[in-house]
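Below is one structure, written out as structure tokens; the observations come after it.
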Amino acid sequence: MLWAGPLLVIFATSAGWADEVPVRVTTDSSAYCAELATRFAAQPGPRAEETAIMAEDGRRLCDTGHVRSGIAKLRRALRAVQAGG
Amino acid sequence: MVLWWNTAGALDRQVDAAIRADATALMERLEAGGMPAVVAAIEDRMAVDVQNETLYLLLGPEDRRLAGNLSTWPPEANGEFSWIRIPLQRDGAVSEARLFRVDVGGGTRMLVGRDVAEKLRLRGLLSEGIAWAASASAGFAVLGAWLLRRSLERRLSPIYRTARAISSGDLTPRVPLSERDDEFDKLGATMNAMLDRIAQLMEGVRGVSDAIAHDLRTPIARARAKLEESLHAAHDEDSLRAAVEQGIADLDAIARVFQAVLRIAEVEAGARRAAFAETDLAPVLADIAELYGASAEAREQHLAVDLPDALPLVGDRDLLAQAVVNLLDNALKFTPEGGTVTLSARLGDDFAEIEVADDGPGMPEADRLRAGERFFRADAARTTPGSGLGLSLVRAVAALHRGEVLLRDTHPGAAAPGLTVALRLPTA
């Protein structure tokens, strides 16, 4: 029974970790997707058609539940706009 | 380890460098534009982060959230160290974050980091690859070592068998040689040569033992017989005393023979090589000539001397002198009355040669081959006093100096051709 002590400690520690709420990333949400779409719309200056299509694709992906893919598209579109495209 | 350090380790270092550069840039932005500029910079960076890796959290006084994409301030970030690693909840899956804490001041604090899940996966793949490669290398190394060991065992086995037979007392086996002429054959050939030499030396030792037993038994028996005869025949104290003195002289002669045998053994063992020094033999030879000149005159012989001004060489001066003395002793012993003994020396390009020539009966070719063996005495010398050890010492001294002893007729073709013994020693 000597091994029971350390085993209990390990179990209790593991249980403690499981209870702890891990840090979450807030930019994987559809709210952030909408925030990016607003940011894209507010970008000044001309933009290429394909950049606009990319942003539109991103918005649509977010609306259909593919949030991370949509966010990635919108970020690409934003980067293209900021780079002058 | 080096491979791991240069691949997987480089990934970690790369991530840390990017985080540090990001944090430094944000702090510069703070100095230039204040807190609003930092907030804007963080939001801009998150907005164009296509790789979706960047992590930020900027909290103002009283933990007021100013910017960032982390849900809460992790408790691990309150510790002593600025660099931390925490689990990260992402789309329902658990990832891992590498974070760097920056204390901005005024109760404001910031976390800058990266999601390192992809890097960890890549590092895992690299580590796995390295582990497989290392395992395969270790496997090949073990296999190679095993094959090498088998090959070595196979090649060394004849040598081992021969050595075992020798150690059990049988000196006849020799290492069988292959036709490869490789290092093992060279080792085997060297071992065979060594065994031949050992067998030869043992034969020599056996010969010496036999010779000692034979040649010393006679004088000991003679001395004993004389003493016994005197014991019975002596009628007065004077004749008894004379007999005892004669016995002592005989025993002294036997002791001298033992001394000579021991000295030859000592010379042959090379023990005297430590006493080698640069020396000029010319004055030594001159002294010996002077001493033996008087002795020769007493026997109505003539000692001719032809020595150079200097005879420099490296060696044992005393042993070389003893060798020349032995040669002169022999020469004077075998030269008839009125004959001439010549002591000469010369210096060649890379050798020095000392010659002792006599007018004696000379030595047959067959005897010359055996001259130098311990206790060997040519038939012509049986009637003269001597132990048969003089030339043995000369040969041993020559061998010790890496020289040689050459024998030839003094007067080729003559009825009494005489004998010239040359002691040739290298000077280089």
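The values are calculated or read from the model by the stated rules, or taken from the named source; none is laboratory data. Computed from a predicted model, the values in this text were never measured in an experiment. FYI the Cβ positions are ideal-geometry reconstructions off the backbone, even for glycines, and counts take in every protein chain you see.
Below, the figures for the structure above:
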read-out	value
Candidate set from the stretch B:88-102 (those that are exposed (fewer than 15 other Cβ atoms within 10 Å of the Cβ) and facing another protein chain (nearest Cβ under 7 Å)); member that is farthest from B:Arg13 (Cα to Cα)	B:Asp91
Answer from A:Gly65, A:Gly45, A:Gly85, A:Gly58 - the residue that is more than 9 Å from chain B (Cβ to nearest Cβ), more than 18 Å from B:Glu43 (Cα to Cα), part of a loop (DSSP other than H, G, I, E, B) and at pLDDT 90 or above	A:Gly65
Qualifying residue in the stretch B:273-293 (condition: of a type in the set (D, E, K, R) and either crowded, with 17+ Cβ neighbours inside 10 Å or in a loop (DSSP other than H, G, I, E, B) (or both))	no
The lone exception for B:Glu80 - which of (1) within 13 Å of chain A (Cβ to nearest Cβ); (2) free of Cβ contacts under 8 Å to residues at least 24 places away in the same chain; (3) assigned to a loop (DSSP other than H, G, I, E, B) it fails	(1)
Unique residue being farther than 27 Å from B:Ala17 by Cα, of a type outside the set (Phe, Trp, Tyr) and out of contact with any Asp or Glu (no Cβ under 8 Å at 6 or more places or on another chain) when the list is B:Leu125, B:Leu177, B:Leu143	B:Leu143
Breaking point among (1) farther than 18 Å from B:Gly418 by Cβ; (2) at pLDDT 80 or above, for B:Leu391	(1)
Top-ranked residue in the stretch B:46-72 [being small (Gly, Ala, Ser) and outside any loop (DSSP other than H, G, I, E, B); ranked as farthest from the other protein chains (Cβ to nearest Cβ)]	B:Ala67
